[in-house]
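The values are calculated or read from the model by the stated rules, or taken from the named source; none is laboratory data. Source: prediction; values computed, not measured. When we count neighbours, we look across all protein chains shown, and the Cβ atoms used for this are built from the backbone with ideal geometry, even at glycine. Accessible surface areas use protein heavy atoms only, side chains included; no ligands, DNA or RNA. Shrake-Rupley method; radii C 1.70, N 1.55, O 1.52, S 1.80 Å.
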Amino acid sequence: MAKQKINIGLIGSGFMGRAHSFAWSNVSKFMDTDFEPVLKVMTYGSKKEAAEEFAEKWGWEELAKDWKEIVARDDIDIIDIVTPTYLHKEIAIAAAKAGKHIYCEKPCAISYADCLEMEKAVTEAGVVHYLNHNYRRVPAIEFAKKLIEEGKIGRIYHWRGAYLQDWILDPNFPLTWQFRKDMAGGGPLYDLGSHSVDLARYLVGEVKTVMAKNYTFTPERPLPGKEAVVFRAGSNNATETGKVEVDDASFMVVEFENGALGSFDVTRMAGGRKNYNHFEIYGSKGCLSWNFESMNELRFLNLEDPAGEQGYRTISATLGGHGQAGVWWGPGHVIGYENTFIHAAADFLKAVKDGSVITPNFTDGAKIIRVLEAAARSSEENRQVLVSEIA
Ligand code: SOE
């Protein structure tokens, strides 16, 4: 039977625009969805030619100059936001008021106060809202969550999180929007720390206190040329420089509400580390370790094994029962980064169909940004900050 069509409006493009377009194009082919997404319309803003090329490549049917035109259209069901972070709030609130369901790339917004406004708007409108912390939908992570819920790890004592990249190591990497506080909220603290805090909240619990040190190694960078985007400097003859307003690296020590102790190490200056999103969890009965660069492998140590036989086993999270892995190719047939976006799109479409809540959403986004704002304050004031201090 033909699936019901559902129309998407994409606001933005770029790296995440590609990842989301890939998911909308493929989700109904692989997953058992009630809907078939239609890539209806996307914005072109000031870059019409590039947007035309993007739309043709990914199958977007129409282009609109301004996101407001898209939000105002009656035939659009879902607004997908992949803009720089500072634009999320205005678009999400307008979309909610227009009764659209919202699929938004992380981090939620540049401040906790903005997140709360977004959360209020979607709650009042009763629309489905999703914040794309896609790593939650890696099957190995879904399986880690199951092991924790089954009590296999016991009481959790330690979370050790690290999210390390190296794409701004060159001091001549230009000053893209990711270096501006008013557009990004923070550096890797927000961009990568938001993912890491999302995983920690999902697997361990809520954060109560934060002690942090933010650090900027390269205080000035050349102004960006037209081609500069995330991960790619592009060609650039700029002689003028601008001030880096955010952290290049950040380290946080946290206490969780349940008594666990955690650390988060996030940076874009860890030479050789490309997308090293890693954690270790140490509990009274077992331990877990995972790293995105081998995303299908979950390492599990069972402290209830006989002492002489204890050691990490590597679980290939590619079987049915390992989260959403079962819909793919079969045991040992590894999947990749893009599949996490398909998992998220499928869960989102289900929430739209059922009128149910999907997580993480703007409520989670607000909680995450609250922790990160506490970290920023902790670093500025050189003291431990209670997350509840952030209003
Ligand atoms: C850049 O650091 C980036 O694209 C992040 O913004 C994404 O969220 C992460 O998944 C990959 O790296």
Give the whole-number value, in cubic angstrom per residue, of the convex hull volume spanned by the C-alpha atoms of segment 4-135. 105
Looking at Ile141, Gln178, Pro224, which one has the Cα that reaches farthest to the positive end of the dipole of segment 141-234 (charges on Cβ: Lys, Arg +1; Asp, Glu -1)? Ile141
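Sorting Thr123, Thr176 by accessible area (1.4 Å probe), largest first, what list results?
Numbers: Thr123 95, Thr176 10 Å².
Largest accessible area first, the residues go Thr123, Thr176.
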GluC sites (Glu not before Pro) restricted to segment 1-85 and DSSP loop, no more than 12 other C-beta within 10 Å: Glu61
Stretch gain in nm, segment Asn258-Asn275, where the contour uses 0.36 nm per residue and the Cα spacing is subtracted: 3.2 nm
In nm, spacing of pseudo-spin labels at Ser356 and Arg383 (7 Å Cα→C-beta vector): 4.5
Backbone HN-Hα couplings from phi across segment 70-82 [Karplus 6.51/-1.76/1.60, Hz, Gly and Pro as x]: 5, 4, 6, 6, 6, 8, 9, 9, 10, 9, 10, 9, 10
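With every protein chain kept in the model, how would you rank Arg201, Arg18, Arg221 by accessible area, 1.4 Å probe, largest at the top?
Numbers: Arg201 30, Arg18 100, Arg221 0 Å².
Result of the area sort, largest leading: Arg18, Arg201, Arg221.
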Test of understanding: what is the full-extension gain from Met1 to Phe231, defined as 0.36 nm times their sequence separation minus their Cα-Cα distance? 78.6 nm
How big is the charge dipole of the chain about its Cα centre, in debye rounded to the nearest 20, if each Lys and Arg gets +1 on its Cβ and each Asp and Glu gets -1 on its Cβ? 260
Once you place label points 7 Å from the Cα toward the Cβ at Leu319 and Ala113, how far apart are they in nm? 5.2
Cα-centre dipole for segment 237-303 with unit charges at Cβ (Lys and Arg positive, Asp and Glu negative), debye to 20: 280
Taking a 1.4 Å probe, which of Asp198, Asp265 shows the most accessible area, and what order do the others take after it? Asp265, Asp198
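Okay, helix-only estimate at 222 nm for the chain: each DSSP H run of n ≥ 4 adds -39500 (n - 2.57), divide by all residues, round to 500 deg cm²/dmol; what do you get?
-10000 deg cm²/dmol
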Distance in nm between pseudo-label sites at Arg73 and Phe30 (7 Å out along the Cβ direction from Cα): 2.6
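Can you give the extra length, in nm with one decimal, that the chain gains between Arg18 and Lys120 once fully stretched, where that is 0.36 nm per residue apart less the Cα-Cα distance?
Working: separation 102, 0.36 × 102 = 36.72 nm, distance 2.92 nm.
Roughly 33.8 nm would be gained on extension.
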Along the charge dipole of segment 4-135, which of Gly45, Tyr112, Phe30 sits closest to the positive end, that is, farthest toward it, with unit charges on the beta carbon of Lys, Arg, Asp and Glu (+1, +1, -1, -1)? Tyr112
Taking +1 at the Cβ of each Lys and Arg and -1 at the Cβ of each Asp and Glu, which of Phe54, Gly321, Thr239 sits farthest along the dipole of the chain towards its positive end, judged by Cα position relative to the Cα centre? Gly321
On the full set of protein chains, 1.4 Å probe, figure out the accessible area of Lys146 and give it in Å² to the nearest 10. 90
Taking the alpha-carbon centre of each part, the distance from segment 9-56 to segment 275-353 in Å is 28
